[in-house]
Amino acid sequence: MFAYTAGHAFDKAKPTMVFVHGAGLDHSWFGLQSRYFGYHGWNVLAFDLPGHGRSGGSPISSVGGMAEEVCKAVPAEKFSIVGHSMGALIALECAASAPSRVDRIALIGVAYPMKVGEAFLDAAKRDSYDAFDMETIWGHAAQVPLGGNPSPGMWMYGDTQARLERLAPGVLYNDLKACNDYVLEGEIACPALFILGKRDVMTPPRSAKSIQERIPGAKTVLIDLSGHSLMAEAPDATLDALIEFFRT
Amino acid sequence: MSKPKYPGFDTLALHAGQSPDPTTSSRAVPIYQTTSYVFRDTEHAASLFNMERAGHVYSRISNPTVSVLEERISALEGGVGAIGTASGQAALHLAIATLMGAGDHIVASTALYGGSHNLLGYTLKRFGIETTFVTPRDLQAWKKAIRPNTRLLFGETLGNPGLDVLDIPAVAAIAHEAKVPLLVDATFTTPYLLKPFAHGADLLYHSATKFLGGHGVAIAGVLVDSGRFDWEASGKFATLTAPYEGFHGMDFEEESGTRAFLLRARREGLRDFGACMAPMTAFQILQGVETLHLRMPRHVESTRKVIQFLSPHSGVLKVIYPELPDHPDHELAKKLLPLGCGAVFSFEIKGGRPAGKKFIESLRVFSHLANVGDAKSLVIHPATTTHYRMSDEDLKRAGITAGTVRLSIGLEDAQDLIEDLDRALKASQK
């Protein structure tokens, strides 16, 4: 499984931070944030899950299976995980199933349960472009097409579409179904941070409430002007929240 | 839940890339006439330089006003992003310099703007980049010209000045088979008439000086990436897939995937070559883009009226426009350009060079100058101006004769234009 390391070799003396992307995406979705930690004293492993980005093979059909693969691929005994959307479910599962290894988890744009609309699932199952449109439009705050991208000159909708078009048939459906079917068994004992976009229509903040209540002491940062794609829509606010959480 | 909807072209032309300014609530795009941007602290500065945070550092690399234009054009084209440049030629150079170096090769259409022909045929050769020119509608010639060191196929959506329609789907397929991208100059068509990415092109640029601005007051270019070409899978683009010493060993594709090309173009091309767009220029081009969807239909409508007048005229030997049944790309134009073939076209005047000279000098509404795509109607004689550096053989290949006159139809009253042309044609035939 491919992992972006921000150009640094693994160093046993450093703490390790794992980044796990959402449905149909890849490691570069965390480009700015993972690069920051890679240059600020952390081992960074931003994975491309099997069947995504630079990783070959078939996609794994369950969040549990994905979490197992991630834990297996991390060379450090202890590590922290930053997960976005489906990646956040994977972080939850890692923390629940391997509590001795997972130090902290940061969950970005998460809902639990992460139920996916029937029309979205159906379009993805048919490999219809409609599914890409749904992921693109619902994946951003409503003002995004009429607003400015914090990354100069980039068009967020176009970027999401281009990424999804690179997927092999069936991968998006695999991921959405895995999210839809996921049930967390066990409890989360490690410190947790929720980073949620106030304008997220895919996983609105209220849909994280049940899981927030299951994690004692969990912290939450609500980001005002962002939708579901927080790392792109509000890259600095997302990074600042992560820095604060992992610094303390 | 019903399927969500994207904003329409007209809405994007007016809004994409801009939220009302958070500090002043300015509705219009502010002109950020600044060279540089204050850092929050030293760590923030270091993070911006090392690409750990998004934002502006220095206006040669990016500027908030220019970014609005970049994002807006990208939205209209369906790309992942764009880079504003000092001119259309700067955009072409930036694309080439980002993809290749000495020892590499380009296959390009013969039907190009004279400046592009010079860049490829003469100037880049001096820097070790060679170009093979092929007739754009000869698909076999595109294929045959590809060499192991070919890195790019390049043509204009509507060739200059013969209006050869580039068969984008077919040429893109040839490019992709060879694992190289197709770059198109989409200046004559604009995203209103044609969206090259939807037909398979990978990269495109505009001379924004022309229809995008429409007012003829600013020289500008925009380079747009579809984000669809897989540089890693191609294996032919070390500039994007191998560690770059000039940026801490960054592998641009690994770092940013779909954004690799634009990242390198901005971080190396703008940084080192420096052909950036000025904020005032971006503002001026934005004023034009906001009415693109209103202007282009009118340009096309008036062009059709003028062509209807010119075609049967006794002083005209031939009108070259893809909507005419005798144009070799007529069928292709119907497929790729259903909204119209633009507002720039050529005709051959009876009486050759002397008649052409008399014709141009007799016009009153049309302006004789070296530009196209203005709101004002324009005329030029390509053989003695835009294409004068080309050999007779190259001129012939580009479909230009001594009697070829190029018109750019503006937004004046079409009847006034027809009367102006009628008067000048009569004068030319005396």
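Read the figures in this text as sums done on the coordinates, not as results from a lab. Everything quoted here is computed from the prediction, not taken from an experiment. Glycine gets a Cβ as well: all are built from the backbone with ideal geometry, and neighbour counts include every protein chain shown.
Average partner chain C-beta neighbours within 10 Å, per residue of B:66-74?
5
Which of A:Lys125/B:Lys5; B:Lys318/B:Lys358; A:Lys78/A:Lys219; B:Lys334/B:Lys396; B:Lys125/B:Lys357 have a Cα-Cα distance over 23 Å? From A:Lys125/B:Lys5; B:Lys318/B:Lys358; A:Lys78/A:Lys219; B:Lys334/B:Lys396; B:Lys125/B:Lys357, over 23 Å: B:Lys334/B:Lys396; B:Lys125/B:Lys357. The ranking of B:Glu70, B:Glu331, B:Glu348, B:Glu412 by Cβ neighbour count inside 10 Å, starting from the fewest, reads B:Glu331, B:Glu412, B:Glu348, B:Glu70. Think of it as helices only: each DSSP H run of n ≥ 4 in chain A is worth -39500 (n - 2.57), and spread over all residues that comes to -10500 deg cm²/dmol at 222 nm. Only one residue of A:Gly41, A:Leu225, A:Ile90 has its Cα farthest out toward the positive end of the dipole of chain A, where Lys and Arg carry +1 and Asp and Glu -1 on Cβ, and that residue is A:Gly41.
Hydrodynamic estimate: the Kirkwood radius of the protein assembly as shown over Cα pairs, inserted into Stokes-Einstein at 37 °C and 0.692 mPa s, corresponds to D of 124 µm²/s. Computed over the stretch A:145-248, the convex hull of the alpha-carbon atoms projects to a mean area of 8.3 nm².
The string of couplings for the stretch B:44-52 from the Karplus curve (6.51, -1.76, 1.60, θ = phi - 60°) is 4, 4, 4, 5, 5, 5, 8, 6, 9 Hz, one whole number per residue in order, with x for Gly and Pro. The alpha-carbon atoms of chain B define a convex hull whose volume equals 158 cubic angstrom per residue.
Segment B:Thr385..B:Ser25, full-extension length gain: 124.9 nm, with 0.36 nm per residue of separation and the alpha-carbon distance subtracted. Take every pair of alpha-carbon atoms less than 8 Å apart whose residues are at least six positions apart; their mean separation over the length of the stretch B:291-420 yields a relative contact order of 29 percent.
In chain B, the DSSP-assigned H stretches of four residues or longer account for a calculated mean residue ellipticity at 222 nm of -10000 deg cm²/dmol, using -39500 (n - 2.57) per stretch and the full residue count as denominator. Summing Cβ point charges (Lys, Arg +1; Asp, Glu -1) relative to the Cα centre of the protein assembly as shown gives a dipole of roughly 1340 debye.
Peptide B:82-88 has a mean shielding of 1, counted as Cβ atoms of other protein chains within 10 Å of each residue's Cβ. Taken about its Cα centre, chain A carries a charge dipole of roughly 480 debye when the Cβ of each Lys and Arg holds +1 and the Cβ of each Asp and Glu holds -1.
Against the compact-protein benchmark of 2.2 N^0.38 Å, the Cα-based radius of gyration of the stretch B:292-428 scales to 1.00. When the charge dipole of chain B is built from unit charges on Cβ atoms (+1 for Lys and Arg, -1 for Asp and Glu) and taken about the Cα centre, the candidate among B:Ala265, B:Thr281, B:Tyr6 whose Cα reaches farthest toward its positive end is B:Thr281. Distant-in-sequence amide contacts of A:Ala106, defined by a placed amide H-H separation under 5 Å and a gap of 5 or more residues or a different chain, comprise A:Ile81, A:Val82, A:Gly83, A:Leu193.
Cα centroids of the stretch B:92-141 and the stretch B:173-194: 14 Å apart. Peptide B:53-59 has a mean of 4 when you count, residue by residue, the C-beta atoms of other protein chains within 10 Å of its C-beta. Distance between the 7 Å Cα→Cβ label points at A:Ala142 and B:Glu43: 3.7 nm. Counting only DSSP beta bridges with both residues in the protein assembly as shown, the antiparallel share comes to about 40 percent.
Between B:Leu317 and A:Leu222, the modelled label-to-label distance comes to 7.5 nm, taking each label 7 Å out from Cα in the direction of the beta carbon. Each part gets one Cα centre, and for the stretch B:202-233 versus the stretch B:272-333 those centres are 16 Å apart.
Non-local amide H neighbours of B:Leu317 (under 5 Å, H modeled in plane, Pro and chain starts lacking H): which ones? Amide H neighbours of B:Leu317: B:Glu348, B:Ile349, B:Lys350.
Overall shape: rounded for the stretch A:3-247, with the ratio a/c of the largest to smallest alpha carbon gyration tensor axis below 1.5.
Dipole orientation for chain B: of the candidates B:Ala102, B:Gly88, B:Val66, B:Gly88 has the Cα lying most toward the positive pole (charges on Cβ; Lys, Arg +1; Asp, Glu -1). Roughly speaking, what is the centre-to-centre gap between the stretch A:7-80 and the stretch A:144-161 when only Cα atoms are used, to the nearest Å? The stretch A:7-80 and the stretch A:144-161 have Cα centres separated by 25 Å. Measuring nothing but how far apart in sequence close Cα pairs (under 8 Å, 6+ apart) lie, relative to its length, chain B scores a relative contact order of 17 percent. The GNM of chain B, with springs linking C-alpha atoms under 10 angstrom apart, assigns the highest mean-square fluctuation among B:Gly342, B:Gly410, B:Gly55 to B:Gly55. Quantify how much of the Cα-Cα distance distribution of the stretch B:304-385 extends past 23 Å, in percent. The answer is 25 percent, as a whole percent. From least to most packed, judged by other beta carbons within 10 angstrom and beginning with the fewest, A:Tyr4, B:Tyr6 follow the order B:Tyr6, A:Tyr4.
The GNM of chain B, with springs linking C-alpha atoms under 10 angstrom apart, assigns the highest mean-square fluctuation among B:Ala233, B:Ala13, B:Ala90 to B:Ala233. Residue by residue, the stretch B:118-125 carries 3J(HN,Hα) couplings of 5, 4, 6, x, 10, 5, 5, 4 Hz when phi is fed to the Karplus relation 6.51 cos²θ - 1.76 cosθ + 1.60 (θ = phi - 60°); x denotes Gly or Pro.
Taking Cα centre as origin and charging only the Cβ of basic (Lys, Arg, +1) and acidic (Asp, Glu, -1) residues, the dipole magnitude of the stretch A:195-248 rounds to 280 debye.
Students often get this wrong: which residues of the stretch B:214-230 have the backbone nitrogen under 15 Å from the point 7 angstrom along Cα-to-C-beta of B:Arg298? In the stretch B:214-230, the label zone of B:Arg298 (backbone N under 15 Å from the point 7 Å along Cα→Cβ) covers B:214-216. Given in Å, the Rg to one decimal and the Dmax to the nearest whole number for the Cα atoms of the stretch B:1-82 are 15.4, 48. In order along the stretch B:355-364, phi translates into HN-Hα couplings of 5, x, 4, 5, 4, 4, 6, 8, 6, 10 Hz, rounded to whole numbers, per the Karplus curve 6.51 cos²θ - 1.76 cosθ + 1.60 with θ = phi - 60° and x for Gly and Pro.
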